[in-house]
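Okay, structure first, notes after.
The values are calculated or read from the model by the stated rules, or taken from the named source; none is laboratory data. Keep in mind that what you see is a predicted model, and the values were worked out from it rather than measured. Quick reminder, even Gly has a Cβ in these numbers, built from the backbone with ideal geometry, and neighbours come from all protein chains shown.
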Amino acid sequence: MITYALYFAFGCFGLALLLNLWHLARASGVGDRVLALDTMVINSIAILILYGVAKGTAVYFEASMLFAMVGFVSTVAYCKFMLRGDIIE
């Protein structure tokens with residue numbers, strides 16, 4: 001039963017990644033693109049965690065934590081660049 005749930009979750013998050021990619025390409029403003037990229041990071045983290053559950057190893061959970069930290073820092077840096085035009089003051 002868990003196998004079917006994992007396949008369903010992989011499909012849902014894969015579809016969400018594709019829709020985010022489509023939104024990233026069709027977005028009108030820069031803020032929408034940043035939001036689409038941030039949502040893609042969240043969906044990628046979910047896929048990494050699901051893959052870790054499917055394989056039964058803890059390595060993918062650590063990789064997802066690192067990916068989450070890098071995604072957060074990059075989103076904050078890009079938003080700061082949009083507001084001020086400079087990242088480092």
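Among (1) modelled with pLDDT under 95; (2) within 12 Å of the chain's Cα centre (by Cα), there is one condition T57 misses while meeting the rest; what is its number?
It is condition (2) that T57 fails.
Please enumerate the residues belonging to the stretch 64-88 that are among the hydroxyl-bearing types (S, T, Y), within 15 Å of L35 (Cα to Cα) and free of Cβ contacts under 8 Å to residues at least 40 places away in the same chain.
S74
Mind counting the residues in the stretch 40-77 that are under 22 Å from L18 (Cβ atoms) and not aliphatic (A, V, I, L, M)?
Qualifying residue count for the region: 10.
Would you check which residues across the stretch 39-73 are surrounded by 13 or more Cβ atoms within 10 Å (Cβ to Cβ) and of a type outside the set (A, V, I, L, M, F, W, C) and list them?
Correct list: T39, N43, S44, Y51, G52, Y60, S64, G71.
Output the residue which, of all residues in the stretch 1-34 that are closer than 22 Å to K80 by Cα and touching a residue at least 24 places away in the same chain (Cβ under 8 Å), is surrounded by the most Cβ atoms within 10 Å (Cβ to Cβ).
Checked the stretch 1-34; the qualifying residue surrounded by the most Cβ atoms within 10 Å (Cβ to Cβ) is V34.
Select, from A16, A36, the only residue that is among the aliphatic types (A, V, I, L, M) and farther than 16 Å from T75 by Cα.
Values: A36 fails: farther than 16 Å from T75 by Cα.
Selected residue: A16, the only one of A16, A36 that is among the aliphatic types (A, V, I, L, M) and farther than 16 Å from T75 by Cα.
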